[in-house]
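Comments concern the structure below.
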Amino acid sequence: MRANCSSSSACPANSSVEELPEGVKAYGNLELVFTVVSALMIGLLMFSLGCSVEVRKLWGHIRRPWGIAVGLLCQFGLMPLIAYLLIISFSLKPLQAIAVLIMGCCPGGTVSNIFTFWVDGDMDLSISMTTCSTVAALGMMPLCLYLYTLSWNLEQNLTIPYQNIGITLVCLIIPVALGIYVNYRWPKQSKIILKIGAIAGGLLFLVVTVAGVALIKEFWSTDIILLTISFIFPLIGHVTGFLLALLTHQSWQRCRTISLETGTQNVQMCLTMLQLSFTAEQLAQIFNFTLAYGLFQMLDGFLMVAAYKMYKRRLKNKHGNEKPGCQEARHRKKSTSSKETTAFLEMNEEATLSPGPSGPMDLHGAPTPTGDISHAK
């Protein structure tokens with residue numbers, strides 16, 4: 001496979017003096033809007049979502065990073081492979097194939113965090129996965145692109161946007177850290193901030209979605225193949241991520257989280273990489289794919305949230321139709337079981353952390369009742 005790119009035209013100095021096509025000119029104006037809206041959205045959302053993160057649970061994911069490892073496997077194992085299989089299945093042109101592959105090699109996007117919150121997912125795991133995948137992208141993006149393009153005869157080097165990755169990390173870590181601090185110092189106020197952030201995030205998502213629909217409707221070409229790929233790519237990512245999480249014995253809450261993280265890519269990073277690697281004429285042929293992918297991954301997220309809310313409401317109505325006596329018995333049983341489980345876990349944790357000789361008593365985390373021993377005697 002040979003990309004129709006010349007190394008001389010790829011020089012930034014040469015590409016800057018070219019006359020931009022009409023589609024790219026309009027994209028340049030809309031890109032500024034998307035950049036400002038994305039910066040506001042990321043900053044507000046990550047601060048508000050940080051208010052839902054508990055330091056103890058976050059540290060637990062870092063100490064036992066099994067869920068994070070599964071998420072990284074989905075992000076840099078499944079997504080590039082899916083992109084490569086789509087390229088082969090649809091027999092894409094070289095330039096289109098590179099755009100799809102770059103999208104598959106990008107880290108997870110922060111859009112998945114707000115969707116995870118709406119489906120009652122594991123927020124600590126979601127933010128940890130987004131942060132770790134962005135850090136890992138510094139090495140995994142070049143590695144994946146090198147491995148999958150090894151058999152392609154490229155005449156142009158792809159530029160990894162390390163500066164964009166660093167900016168993403170700063171926009172992710174600082175607001176989350178502030179949100180965690182607010183949740184630690186003022187837990188009641190953090191709940192209010194979390195609700196406000198969720199509402200603001202929903203409004204910003206609607207603005208971006210409407211702008212994306214208008215952009216695609218105005219500038220989309222007759223190439224229906226890329227439009228089809230941009231629609232099915234995130235769906236396949238969500239499904240395969242959920243299945244892999246299920247096969248690795250993750251909880252249902254973590255399965256929802258890993259599924260959303262897998263199919264949601266950092267579209268802004270993909271656009272930056274395409275701008276740095278290709279000329280304006282080449283960019284005009286492929287930038288619609290990245291915008292369409294961003295639009296469809298948001299629509300898929302809304303559909304998943306709607307399906308979860310309907311399922312949750314159906315369960316609530318089902319329990320509401322039960323007899324009052326059954327509801328009271330169920331609630332009493334659930335409350336008692338929850339208290340017993342919490343007490344056992346706390347006792348087990350204290351036994352594990354406290355120094356002392358090992359033995360059957362330490363393994364079970366609770367002493368043997370003396371009454372039973374005396375009775376046995």
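The values are calculated or read from the model by the stated rules, or taken from the named source; none is laboratory data. Since this is a predicted model, take the numbers as computed values, not measurements. Note that we place each Cβ from the backbone using ideal geometry, even for glycine, and neighbour counts take in every protein chain shown. The protein model used for the area step is the full one, side chains on, heavy atoms only, and it has no ligands, DNA or RNA in it. Shrake-Rupley method; radii C 1.70, N 1.55, O 1.52, S 1.80 Å.
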All-but-one check, residue 129 against (1) of a type outside the set (Ser, Thr, Tyr); (2) under 22 Å from residue 299 (Cβ atoms); (3) in a loop (DSSP other than H, G, I, E, B), failing number (3)
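So, in region 248-298, how many residues would count as being over 18 Å from the mean Cα position of the chain (by Cα) and of a type outside the set (Phe, Trp, Tyr)? Walk me through it before giving the result.
Taking region 248-298 first, the residues over 18 Å from the mean Cα position of the chain (by Cα) are 248-249, 272-289.
Right, trim to of a type outside the set (Phe, Trp, Tyr) and you get 248-249, 272-277, 279-286, 288.
Going through region 248-298 one residue at a time, the tally reaches 17.
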Between a first residue in region 241-265 that is over 14 Å from residue 69 (Cα atoms) and basic (Lys, Arg) and a second residue that is part of a helix (DSSP H, G or I) and open to solvent by 10 Å² or more (accessible area, probe 1.4 Å), which pairs have beta carbons less than 9 Å apart while being 6 or more apart in sequence or on different chains?
256/242; 256/304; 256/308
Conditions (1) within 16 Å of residue 268 (Cα to Cα); (2) free of Cβ contacts under 8 Å to residues at least 40 places away in the same chain -> residue 150 fails only (1)
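If we keep just the residues of region 276-297 that are open to solvent by 30 Å² or more (accessible area, probe 1.4 Å) and at pLDDT below 85, which is nearest to residue 232 (Cα to Cα)? Walk me through it before giving the result.
Taking region 276-297 as the starting set, the residues that turn out to be open to solvent by 30 Å² or more (accessible area, probe 1.4 Å) are 276, 281, 284-285, 296.
When the remaining residues are screened for being at pLDDT below 85, the result is 281, 284-285.
Values: 281: 26, 284: 22, 285: 20 Å.
So the residue we want is 285.
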Looking at the structure I just gave you, is residue 160 without any contact (Cβ under 8 Å) to a residue 24 or more places away in the chain and of a type in the set (Val, Ile, Thr)?
no
Exactly one of 121, 104 is closer than 25 Å to residue 150 by Cβ, in contact (Cβ under 8 Å) with a residue 24 or more places away in the chain and small (Gly, Ala, Ser), and that one is 104
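So which residues in region 155-170 are open to solvent by less than 50 Å² (accessible area, probe 1.4 Å) and either at pLDDT below 80 or under 16 Å from residue 130 (Cα atoms) (or both), if there are any at all? If you could, list the steps in order and put the result at the bottom.
First pass over region 155-170, keeping only residues open to solvent by less than 50 Å² (accessible area, probe 1.4 Å): 156, 158, 160-161, 164-166, 168-169.
Matches in region 155-170: 156, 164, 165, 166, 168, 169.
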Selection within region 171-193 - hydroxyl-bearing (Ser, Thr, Tyr) and either at pLDDT 85 or above or open to solvent by less than 70 Å² (accessible area, probe 1.4 Å) (or both):
181, 190
What's the number of the condition residue 143 fails, among (1) under 28 Å from residue 225 (Cβ atoms); (2) not in a helix (DSSP H, G or I)?
(2)
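When you check residue 317 against the structure, is it in a helix (DSSP H, G or I), open to solvent by 10 Å² or more (accessible area, probe 1.4 Å) and touching a helix residue (DSSP H, G or I) at 6+ places or on another chain (Cβ under 8 Å), yes or no?
no
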Please indicate, with yes or no, whether at least one residue in region 125-143 is open to solvent by 10 Å² or more (accessible area, probe 1.4 Å) and closer than 25 Å to residue 288 by Cβ.
no
With the condition kept exactly as written, say whether any residue in region 241-263 is open to solvent by less than 10 Å² (accessible area, probe 1.4 Å), under 21 Å from residue 102 (Cβ atoms) and either among the basic types (Lys, Arg) or not in a helix (DSSP H, G or I) (or both).
no
